[in-house]
Structures are given as C-alpha cells and as structure tokens.
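Below is one structure, written out as structure tokens, with a few remarks after it.
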Amino acid sequence: MIRLTLIAAVALSFLALSGCNTVHGFGQDLEKAGETISGAAKK
C-alpha cells in the first residue's frame with residue numbers, strides 16, 4: 001500500500017511540474033495577444 005501511494009505521489013508531482021510549464025507558456029501567448037490588440041487599438 002505504501003509503495004502504491006509513493007508511486008501515485010511521484011506521478012502527480014511530474015504532472016504538476018509539466019502543468020506549470022504549460023500554464024507559463026499559455027500566459028506568454030496571452031500577453032503577446034494582448035499587446036497586439038493594444039497596438040491595433042492605438043492606430
């Protein structure tokens with residue numbers, strides 16, 4: 001039982017770490033899209 005819990009904890013930590021990179025990239029994409037929209041609105 002302890003072994004199964006340990007394996008699940010390690011798997012969840014890998015998923016959490018990969019999710020952080022994905023969210024970070026998504027944030028950068030949104031920021032660039034916002035800058036483009038702002039630039040178009042100023043023209």
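The values are calculated or read from the model by the stated rules, or taken from the named source; none is laboratory data. Since we're looking at a predicted model, the values are computed, not measured. Ligands, DNA and RNA are excluded from the accessible area calculation, which covers all protein heavy atoms including side chains. Shrake-Rupley method; radii C 1.70, N 1.55, O 1.52, S 1.80 Å.
As a test of the formula, what do you get for the chain when each DSSP H run with n ≥ 4 contributes -39,500 (n - 2.57) and the sum is divided by the residue count, at 222 nm and rounded to the nearest 500 deg cm²/dmol?
After summing the helix terms and dividing by the residues of the chain, the value is -35500 deg cm²/dmol.
On the protein heavy atoms, probe 1.4 angstrom, tell me the percent of accessible surface of the chain carried by carbon and sulfur.
Values: 2930 of 4080 Å².
Exposed carbon and sulfur together represent 72 percent of the surface.
With viscosity set to 0.890 mPa s at 25 °C, what whole-number translational diffusion coefficient in µm²/s follows for the chain from Stokes-Einstein and a Kirkwood radius over Cα pairs? Walk me through the numbers before you get to the answer.
Working: Rh = 12.9 Å.
Here the translational diffusion coefficient equals 190 µm²/s.
Hey, can you find the accessible area per residue of the chain for me, probe 1.4 Å, expressed in square angstrom?
Heavy-atom SASA per residue in the chain reads 95 Å².
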